[in-house]
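So the structure is just underneath, and the comments pick up after that.
The values are calculated or read from the model by the stated rules, or taken from the named source; none is laboratory data. If you're wondering where the values come from, they're calculated on a predicted model, not measured in any experiment. Every residue, glycine as well, gets a Cβ built from its backbone with ideal geometry; the counts of neighbours run over all protein chains shown.
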Amino acid sequence: MNVTIFGATHGTGRILAEKCLAAGHTVTALVRNAAKFDLRNQCRMIQGDAREAAPCHEAVRGANVVLSTLGAKSPFEKSDLLARAVPAIIAGMQQENVRRLIVLGAGGWQPGALDRQAGLRRWLFDAGARTLLKYPIESQRAQEAAVLASPLDWTIVAPTHLTNATPRGSYRVDTVALPPKAFHIARGDVADAIYRALEEKKWIGEHAYVSW
């Protein structure tokens, strides 16, 4: 399978790229800095900015599925990355007749996403959404608006708080809301959930809320 990954340089995207390569898939990665991408010799690499139409279009050409783990570098700074990159990716996919899109989102801010959490947790998140989480949520809203408005076969994998802990290899997935007591999950397990969506054609047209 030809898999295009946006955000493959580090974090969840880097784990996902390695996972796809190990399974024998052909991986195309759009990266801004080739020197920082240690899998460049194993992938078809395109250097460019995901906020620009031309490199996005080139990256999705010939793909069977497109994966995006893009996100702002800092929660404390306003970023236009998702607001610009995701529509550019979707436009490129439509031009190239690529239908399957799986993106990494964030669980909790969507209406009803915290319904299975304790009342204190919901209150704390609401308070954070107005302060510390203001910019990340703004970015996520822009991404989801673009994805949900598209005609693509999309999935939004929306985990609780991400950590760099050792993956457990097991986790909970719910398509309605974050599972009860959803506190954190390792990036490796989120990468596995995205890979499952790819291989098993799961959660099409749905959110997949993920937590340990």
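Points to keep in mind about this one:
- Those strands (runs of 3 or more DSSP E) of region 162-212 in which 3 or more residues are closer than 13 Å to L104 by Cα occupy 206-211.
- Pairs, first farther than 18 Å from R61 by Cβ in region 97-111, second assigned to a loop (DSSP other than H, G, I, E, B) and of a type outside the set (G, A, S), C-beta under 7 Å, six or more apart: L104/T69; G107/T160; G107/L178; G108/L114; G108/T160; G108/L178
- Residue in region 187-194 that is in contact with a Ser or Thr (Cβ under 6 Å, 6 or more places away or on another chain) and more than 24 Å from A85 (Cα to Cα) present: no
- Scanning region 7-42 for residues that are touching a strand residue (DSSP E or B) at 6+ places or on another chain (Cβ under 6 Å), surrounded by fewer than 21 Cβ atoms within 10 Å (Cβ to Cβ) and closer than 27 Å to N97 by Cβ yields a total of 3.
- Taken over region 115-149, the criterion of being modelled with pLDDT of 80 or more, surrounded by 15 or more Cβ atoms within 10 Å (Cβ to Cβ) and closer than 25 Å to V86 by Cα is satisfied by P136, I137, E138, S139, Q140, A142, Q143, E144, A146, V147.
- Some residue of region 91-113 being surrounded by 18 or more Cβ atoms within 10 Å (Cβ to Cβ) and part of a helix (DSSP H, G or I): yes
- Taking region 185-201 as the range and being surrounded by fewer than 23 Cβ atoms within 10 Å (Cβ to Cβ) and in contact with a helix residue (DSSP H, G or I) (Cβ under 6 Å, 6 or more places away or on another chain) as the test, the residues that pass are R187, G188, Y195.
- Of the residues examined, D49 is one that is acidic (D, E) and either at pLDDT 95 or above or crowded, with 21+ Cβ neighbours inside 10 Å (or both).
- Check on A72, at pLDDT 95 or above, part of a loop (DSSP other than H, G, I, E, B), closer than 27 Å to R196 by Cβ and touching a Leu at 6+ places or on another chain (Cβ under 9 Å): no
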